[in-house]
Structure formats: structure tokens, C-alpha cells
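All remarks here apply to the structure that follows.
The values are calculated or read from the model by the stated rules, or taken from the named source; none is laboratory data. Worth saying up front: this structure is predicted, and the values here are computed from it rather than measured. Here the Cβ positions follow ideal geometry from the backbone for every residue, glycine too, while neighbour counts run over all protein chains shown. Heavy atoms of the whole protein, side chains included, go into the accessibility calculation; ligands, DNA and RNA do not. Shrake-Rupley method; radii C 1.70, N 1.55, O 1.52, S 1.80 Å.
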Amino acid sequence: MRSTSHSVVLALGLILLTLISQCYGSPLYVGYYQGKCWNHNIEKIIFGVVKEKFEKDPTIVAGLIRLQFHDCIVRGCDASVLLDGPKTEKTAKPNLSLKGYEVVDAAKEVVEKICPGVVSCADILAIVARTSVFLAGGKWYYVETGRRDGVVSKESEALANLPSENMPVRDAIHLFASRGLTKEDFVILLGGHTVGVTHCDKFSHRLYNFHNTGKSDGRMHKGMLYEMKKICPRKDNGHNNKVYFTYNPRSHYRIDNTFYKQLLVNQGVLEIDANIGRSPLTNSIVKKLAYSPDYFYNKFGPAMVNMGRVGVLTGNQGEIRKSCRAANYYHKY
Ligand code: HEM
């Protein structure tokens, strides 16, 4: 009798725990650092660091938003992208154009001085990305924290997991789904391309030899094709120039829905961007985002929060690094 009632209590306890974890979904939560660092407001302090850098160089907003994506998609949001060393994620070709490491370092330095060993680099990445979205005119969103830092970073994993600019839409949807992100998350997150630049080598095949036809991508906006050919000549003597994702100079570093509007008139620069505008799998979402500035404004932050949950380390997993560029303990693999 006694053992039966024990079993019932245990079963009820397990059901309750399951319900609680389902309600909260993620082990992270908003305000994790409250009270963990005396009375200091960690997020506000980091905001100040980013703002100071942003005032000198507004292009860092794009770098910092991209940095969080490249971290989360490889090994989860564990700051593995920040680790220095031979053959780490950083050294993988698609990561060579990442920007903003020095901003993360500066933020870490400030918080380490105030309360050493408390704030993870993975959380700093999420906080600087949110700050960047806001400084670039996007809507403020509450960022979840409580991540810990990974100790492993491999170039091979970055090469295997970072999406290529020519990836078919269906494959990109699968990639994001494998990280627990929906198709809508994917299309909204690609709106990161509403800020920043890309280099000619990422899309010049669309100008000169689209899918080995020896011709340009016939669906590219004619005026844009003409402009892009000027910036990215066939023989560029190794210059590999940059172009902005968005045409309007006022939008170059502004989080707004210009990117989606351009997609509907065949002015997407990367093949993947152009393709989400055309694919029947994603076209209706692109239209919604293009027609309603508020929709993108309200949805980008929540999609970033979803991305920030991918493969996080919590509890006693991982560690809190002293420097974002090095694991506290040497791990040989
Ligand atoms: C299938 C998914 C994606 C692909 C294939 C992709 C590809 C690229 C490529 C090729 C570049 C230009 C790199 C260069 O030329 O140096 C770029 C830039 C950028 N990406 Fe993505 N991206 C993807 C998703 C995302 C997501 C989800 C975000 C953010 C949430 C993002 C944010 C950015 C930003 C902000 C830049 C500009 C960086 C700068 O100006 O410094 N991308 N991306």
C-alpha cells in the first residue's frame, strides 16, 4: 500500500516536472543575471559598450547580428565561434568575413572587472546582437540568458554546418528545422540581410555564369544586374568588392523590411535571398513581411530569441570563460 502511494507521488511529480519544462520550453530565462552581479545591470552595461562602438562605426551592428547566427548554427549558441586557435570555427572560410569580435571582447572585459566568472560569452553574444538590432532601428526585445560557454571549436564543423549562399530553399528550411526553427523563423531571420554587405564572390555567378549557362540569372532585375556588373567586373583582379544588401542608402544599416520589398522585385543579391522571394515554400511569408513593416518589426526579435535557444549549454555543462577567445581549460581533440 505504502509503495503504491510512493509510486503515485513519484509519477505525479514526474508529470508536474514534464509540464513545467514544457511550459517554459527553454532552460534560459529573461533576467538571469539579476542579482548575480551585486546591483549591476549587466545588460545595460553591455548596451553602453556596444553603443559607444556603434557611434564610431555603425557597420558593427551587421557584424554582431551575423556573429550570433554563425555561433548558434554550429554546435549551438555556445560562443564556440569566438575561440581562437588553429582550425577553429573562426578559421573556416565563411567565417573569415565575420566582424565584431573586438566589441564582444570589450563587453567581456567590462563585465569581468565588475563580477569575474559570472557572465558567459554565449550570453554576451545574444545581448550584443539584441543591442545591435535596437540601435539599427529594430524593436527592442527581451533576451533570454543563462547560457554557458563551450570548450570545443572545430573548423570542420563550421564548414559542414554553415549554409552556403546557393543552398536550395528546401535544404535551408531543413537545416533550420534541424535546429528547432520553423520555416517562418528561417524567412524572418534571413531578414538579417536587411543590414550589411556581401562580397562579389558570393553572387558573381549570378552575373556571368548562372548554373553553368555562361549567362546571367535571367530573373535578376535588369537595372540591378547592370549596377552589380559595374561593381563586380568579370575580371576583378582579386578586388572582391562589397555591395550592400539593400539599395536605399538609408536602409544599409537599418533593420526594416526593405530587404523583403526588394525580393518581390527581383532585387535580392544572394541566390538564397532571391530564392526565398520566388519559392512557393516561402513566397507567401516574404509577401507578408514586404507588405507590412510592422510584421517584420514585431517578428524579428522573437525569431532571434528562438535562434538563441539552439543547442545551449546550461546548468553544469560547459564553463564561464575568463576571456571569450580562450577556453579556461585546454581540451585536446
Ligand atoms: C541560409 C541562411 C544564410 C546564408 C546562406 C547567409 C549567407 C550570407 C553571406 C554569403 C553573407 C555575405 C558574406 C560576405 O560576403 O562577406 C552574409 C552576410 C550577412 N548575414 Fe547571412 N546568411 C544566412 C542567414 C543569416 C541569418 C539567419 C542572419 C541573422 C539573423 C544573417 C545575418 C547576416 C548579416 C547581418 C550579414 C552582413 C554582415 C556584415 O555586413 O558584416 N544571415 N550572409
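Overview of values
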{"item": "In the stretch 37-86, the chymotrypsin sites (Phe, Trp or Tyr not before Pro) that fall in loop regions by DSSP, at most 12 other Cβ within 10 Å", "result": "Trp38"}
{"item": "Positive-pole candidate from Ala92, Val49, Phe134, dipole of the stretch 30-161, charges at beta carbon", "result": "Phe134"}
{"item": "Sulfur and carbon atoms: percent of accessible area, the chain [1.4 Å]", "result": "57"}
{"item": "Point-charge dipole on Cβ atoms (K/R +1, D/E -1) for the stretch 30-161, about Cα centre, debye to 20", "result": "180"}
{"item": "Heavy-atom accessible area per residue - the chain, 1.4 Å, Å²", "result": "50"}
{"item": "Qualifying chymotrypsin sites (Phe, Trp or Tyr not before Pro) in the stretch 104-188, DSSP loop, other Cβ atoms within 10 Å at most 16", "result": "Trp140, Tyr142"}
{"item": "Point-charge dipole on Cβ atoms (K/R +1, D/E -1) for the stretch 169-304, about Cα centre, debye to 20", "result": "340"}
{"item": "Potential extension, Arg219-Thr182 segment - 0.36 nm per residue separation minus Cα distance", "result": "10.6 nm"}
{"item": "Relative contact order of the chain, defined on C-alpha pairs under 8 angstrom at six or more residues apart (%)", "result": "24"}
{"item": "Area of Thr182 that stays accessible when all protein chains are in place (1.4 Å probe, Å², to 10)", "result": "80"}
{"item": "Cα centroid separation, the stretch 62-113 to the stretch 217-248 (Å)", "result": "28"}
{"item": "Given charges at Cβ of Lys, Arg, Asp, Glu: the stretch 214-333 dipole, positive-most of Tyr226, Leu289, His252", "result": "Tyr226"}
{"item": "Exceeding the 29 Å Cα-Cα cut-off - candidates Lys90/Lys215; Lys51/Lys113; Lys93/Lys229; Lys87/Lys287", "result": "Lys90/Lys215; Lys87/Lys287"}
{"item": "Computed Rg/Rh of the stretch 169-304, alpha carbon atoms with Kirkwood Rh", "result": "0.97"}
{"item": "Radius of gyration and Dmax over the Cα atoms of the stretch 160-204, both given in Å", "result": "11.4, 32"}
{"item": "Proximal charge balance of Ile46 [Cβ under 10 Å; K/R count +1, D/E count -1]", "result": "+2"}
{"item": "Whole-number percent relative contact order across the stretch 30-161, with pairs defined as alpha carbons under 8 Å at least 6 apart", "result": "37"}
{"item": "Distance cut-off 37 Å, percentage of C-alpha pairs in the chain lying past it", "result": "21"}
{"item": "P(r), alpha carbons of the stretch 30-161 - 5 Å bins starting at zero, rounded %", "result": "2, 11, 22, 23, 20, 14, 7, 1, 0"}
{"item": "Estimated dipole of the chain in Debye, rounded to 20 [Cβ of Lys and Arg +1, of Asp and Glu -1, Cα centre]", "result": "560"}
{"item": "Given charges at Cβ of Lys, Arg, Asp, Glu: the stretch 285-333 dipole, positive-most of Ala327, Phe300, Val312", "result": "Ala327"}
{"item": "Distant-in-sequence amide H partners of Val30 (H built 1.01 Å from N, under 5 Å)", "result": "Thr145"}
{"item": "Neighbour cut-off at most 11 other Cβ (10 Å), DSSP loop, trypsin sites (Lys or Arg not before Pro), the stretch 163-238", "result": "Lys215, Arg234, Lys235"}
{"item": "Residue-span extension gain [Tyr291 to Asn328] - 0.36 nm each, minus C-alpha spacing", "result": "8.5 nm"}
{"item": "Label point 7 Å beyond Cα of Ile114 along Cβ direction - residues of the stretch 37-64 with amide nitrogen under 19 Å", "result": "37-55"}
